[in-house]
Amino acid sequence: MDRASPLRNLTDPHRTSPKGTTMAGNDLGSLLGGLLGGGQQGAGSGGAANILGALISALGNRNGAAGGSPLGGLVDMLTKSGLADHAQSWIGTGANQPVSGVQIAEAVPEATLQKVAQDAGVTPQQAADQIAQVLPQTVDKLTPDGAVPPAGQSIEDLIRQQQL
């Protein structure tokens, strides 16, 4: 794995999964959807998981040179945007504080949110609203021990561990 970009393996169209299929950008969204219960939560959550997957991939590609974990980068971005208490509630073992689409839109770089929304065929605000719906539960499930996983651990690995 390339230490400079932990998510490169998820977004590299030439990478093959253990089953021999090509991993593409939507694969992270599919994995997140499975982590969140997939079809049990309806079609809307699947789209939200795909949008969140695209956001995490975009942030990982943008911040990959830092060498940190993609989840840590996401939490750092939220913390710097004034959502530290929210993010810590999702990581911790207590109740998850909700977040609004407006707060997500303010926290995510505008160009990144526009790209994610465009790729999903929705407006940036719709993308932010959908991310806000699934982000607390996603971070909560990816941090079952109450801590952000160490640098170098991919989101794909975290999801696979949680689904065992």
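Structure summary
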| read-out | value |
| --- | --- |
| Under Karplus coefficients 6.51, -1.76 and 1.60, residue-wise ³J(HN,Hα) of the stretch 149-154 in Hz, glycine/proline x | x, x, 4, x, 8, 6 |
| Solvent-accessible surface ranking, highest first, for LYS80, LYS115 at 1.4 angstrom | LYS80, LYS115 |
| Cα→Cβ-extended label distance, 7 Å offset, between LYS80 and ASN96, nm | 2.4 |
| Most to least packed among 119-126, 86-93 [average Cβ atoms within 10 Å] | 86-93, 119-126 |
| Computed lengthening from GLN125 to ARG160, 0.36 nm per intervening residue step minus Cα-Cα distance | 9.6 nm |
| Within the accessible area of the stretch 122-161 (1.4 Å probe), percent carbon and sulfur | 47 |
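The values are calculated or read from the model by the stated rules, or taken from the named source; none is laboratory data. If you're wondering where the values come from, they're calculated on a predicted model, not measured in any experiment. Glycine gets a Cβ as well: all are built from the backbone with ideal geometry, and neighbour counts include every protein chain shown. Calculation scope for accessible area: heavy atoms of the full protein, side chains included, ligands and nucleic acids excluded. Shrake-Rupley method; radii C 1.70, N 1.55, O 1.52, S 1.80 Å.
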